[in-house]
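Okay, so here's the structure we're looking at.
The values are calculated or read from the model by the stated rules, or taken from the named source; none is laboratory data. Because the structure is a prediction, the values reported are computed rather than measured. Positions of Cβ are generated from backbone atoms using ideal geometry, with glycine treated the same way; all protein chains shown enter the neighbour counts.
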Amino acid sequence: MKKVFTILLALVLVFAIVACAGDDGPAPDAPDAGADAAAEQEEDTDEGEEVATADVSDLAGTTLTFMASQGWIEDAEMELAERFTEETGIYVDFQIIPSDQYFSLLLTRLNTGEATDIFGSQAGRFDIVTQLNVEENALDLSDQEWVQRMDPLAAVEVSVDGRVFGMPVNDNSNVWALAYNRAIFDDLGLEVPTTFDEFMAVCEAILAAGITPIFECVADGWHHVLWFPELGPIIEYNEPGTADRLNNNETTFEDSATAHLILNQIYEMVERGFWGEFYMDNTFDMAARSIAEGRYAMVLANQGFPAAIVEEFPDFDPNDIGFFVMPLADNHILNVNPVGPTRFINANSPNTEAALLYFEFIARPENLQFLIDNAANYNWLPISGATASYTEAVREFFDAHPVRGTVYQTQVMYLNPQWMEMGRELVEFLMGNQDASGVLRNIDANRARQAAAANDPAWD
C-alpha cells in the first residue's frame, strides 16, 4: 500500500520560533546498555505486539496526520511507515513544514484545536510545559511497553510529574562538535586545538593553505545559533549556578562575562575570514560535500556526519572525520543534550489508537535497528533494543571527554523556543548592526516575555 506523503509549504505571517538541532541531543554513554538489552527486550516486545495489534482490523483505512519540522523525518522512517501501512492498513500522512515557520504554526494549531494526530517538537522538561502544555495537548504514554526501554535521561525531558508524554526517536546521542577533515590536518601538520588561541592558529594555517577553515551556513536560520547555547556547559563551569539563577530570574545573560566572550569570539572568527565568503548563503545540506572535497576543513556537526559523507561519497573512509569540542571560551566540556526532536500524540485526536499503534511499531527493536542502519544521522536511539553504530574516531572523541555538561537550550527555561529569533539577532551582530550586549539583552527580553505569558511566578 502506498503511504500518503504531503509536503506542506504554507506561508506563515508570524516568525517561527524553533530549535535546532537537531538533531541534537547526546547521551553518549547509553548505547551499550541499549545494545546489551536487545535480546531480552525483543522477547518482551513480541508479547506486546499481540496485544497492540489485536483490534487493528477495525482501524484499517485510517489516515494519521503527522506534522514535523524539515529535517526531522528521515527517509528510513518514511519507508517504515509504508511497512506499517502494509501491516495495519493505517496510512501516515507526513506534513513537513519549513523550519523557520514550524514552531509558530504548531503553537497556532495547538491553540486552535487543529493540531495533527501526531506532532513533533523539541523536548525538554520546561518547554513541554510552558510551550506545549502537554498535560492538556498530548496523550499520556506512560503505560506503553516501549516507555520501559527509554533512556532515563531522555525520559526525564519528556515527562511531567512522572508521566511520559513524548517519544524521543531521533538520535540524541550526537553531540554538536567540530567535525574536521583529518587529511587536511595531517597534510598541514596540525594538532587538534584545546584552547581558543590554538583554534585561531589552526584556522590561520588552514586559510594560508588556500582552504576555508570553517563551513558555516546562515541561510538555514538555525545552524549558526549552535555556537552559543551549545556552549552553556562552559558558562556553567566558569560561573557556577548560572542556569539556576537564570531560571529563577536572579540574573541575565547580559550579566554573564562568559556569554559576552563567546559571542565576541564568534565575531572574531567571521571577521578574520574563517567562515569564508559565502557563509550567509550556505545551507547545511552542502556541508558533507564541502568537507569531503577538501574545500572546507571543519564544520559544526554531529556524529552522524561521517555516514552522511559516505552516502554521497561511498569510497570515503568515515574514520577520516574526527571531532573536537568547540573551544570558544577555552571550552573543554562535552556539550550534552539528553533529548532531541520528539513525537507527541494529540490528546484531542480521534485517532489516538492508531497513533499508539504507530509508536509501538516504530519502537520495535527490528525497526529501531532499521533506522540506525539506514539513516545517516542515527547512530543510537534512546529506546533500547538495537545496536549502536559508531566509528572508531567517534568513540575516541567520546572517550577523550569525560567531563560533560548539559546544553543551555535544555537547561535554561525560555531559551530553546527563541532559537530562530536568536539566529536573526546573531545575523545583525555579525553584520555589525549591534554588539554582544545587544544580542544578550534581546535574548533576556524574549525570555521575560515568554515567562510572563507562562505566568511564571519568578517574573512577577
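General remarks:
- Every residue from the stretch 308-335 that is part of a strand (DSSP E or B), buried (at least 23 other Cβ atoms within 10 Å of the Cβ) and in contact with a Lys or Arg (Cβ under 9 Å, 6 or more places away or on another chain): Ile321, Asn335
- Filtering the stretch 407-436 to residues that are touching a Pro at 6+ places or on another chain (Cβ under 7 Å) and β-branched (Val, Ile, Thr) leaves Val407, Thr410.
- Helices (runs of 4 or more DSSP H) fully within the stretch 374-439 counting 3 or more residues that are on the phi < 0 side of the Ramachandran plot and of a type in the set (A, V, I, L, M, F, W, C): 392-399, 419-430
- One residue from Glu353, Glu366, Glu312, Glu360 being out of contact with any Leu (no Cβ under 8 Å at 6 or more places or on another chain), over 17 Å from Asn170 (Cα atoms) and among the charged types (D, E, K, R): Glu312
- Matching residues in the stretch 100-130 - criterion: being polar (S, T, N, Q) and surrounded by fewer than 21 Cβ atoms within 10 Å (Cβ to Cβ): Ser104, Thr108, Asn111, Thr112, Thr130
- Listed by first and then second residue, the pairs linking a residue in the stretch 393-406 that is closer than 25 Å to Glu239 by Cα to a residue that is part of a helix (DSSP H, G or I) and among the hydrophobic types (A, V, I, L, M, F, W, C), with Cβ atoms under 9 Å apart and 6 or more places separating them unless they lie on different chains, are Gly405/Ile234; Thr406/Ala243.
- Residue match in the stretch 430-442 (condition: surrounded by fewer than 23 Cβ atoms within 10 Å (Cβ to Cβ), among the basic types (Lys, Arg), touching a residue at least 40 places away in the same chain (Cβ under 8 Å) and assigned by TED's automatic domain parsing to the domain that holds Ile234): yes
- Ala452 surrounded by fewer than 24 Cβ atoms within 10 Å (Cβ to Cβ), touching a helix residue (DSSP H, G or I) at 6+ places or on another chain (Cβ under 9 Å) and farther than 17 Å from Ile128 by Cβ: yes
- Under the condition of being surrounded by 19 or more Cβ atoms within 10 Å (Cβ to Cβ) and at pLDDT below 90, the residues counted in the stretch 131-156 number 4.
- Checked against the criterion of being outside any strand (DSSP E or B) and in contact with a strand residue (DSSP E or B) (Cβ under 7 Å, 6 or more places away or on another chain), the candidates Ala81, Ala76 yield just one match: Ala81.
- Hits in the stretch 291-309 - residues which are touching a residue at least 24 places away in the same chain (Cβ under 8 Å) and closer than 30 Å to Asp151 by Cα: Val299, Leu300, Ala301, Asn302, Gln303, Gly304, Phe305, Pro306, Ala307, Ala308
- Here the condition is being more than 30 Å from Ala208 (Cα to Cα), crowded, with 24+ Cβ neighbours inside 10 Å and either in contact (Cβ under 8 Å) with a residue 60 or more places away in the chain or not aromatic (Phe, Trp, Tyr) (or both); of Pro350, Pro338, it holds for Pro338 alone.
- Residue in the stretch 372-380 that is in contact with a helix residue (DSSP H, G or I) (Cβ under 7 Å, 6 or more places away or on another chain), outside the structural domain of Ala301 (by TED's automatic domain parsing) and within 30 Å of Gly61 (Cβ to Cβ) present: yes
- Residue match in the stretch 210-222 (condition: touching a helix residue (DSSP H, G or I) at 6+ places or on another chain (Cβ under 9 Å), of a type in the set (A, V, I, L, M), at pLDDT 95 or above and not in a loop (DSSP other than H, G, I, E, B)): yes
- Residue within the stretch 201-221 that is surrounded by fewer than 24 Cβ atoms within 10 Å (Cβ to Cβ) and either in the same structural domain as Gln131 (by TED's automatic domain parsing) or closer than 30 Å to Ala386 by Cβ (or both) present: yes
- Check on Gly124, assigned to a strand (DSSP E or B) and either in the same structural domain as Asp161 (by TED's automatic domain parsing) or modelled with pLDDT of 95 or more (or both): no
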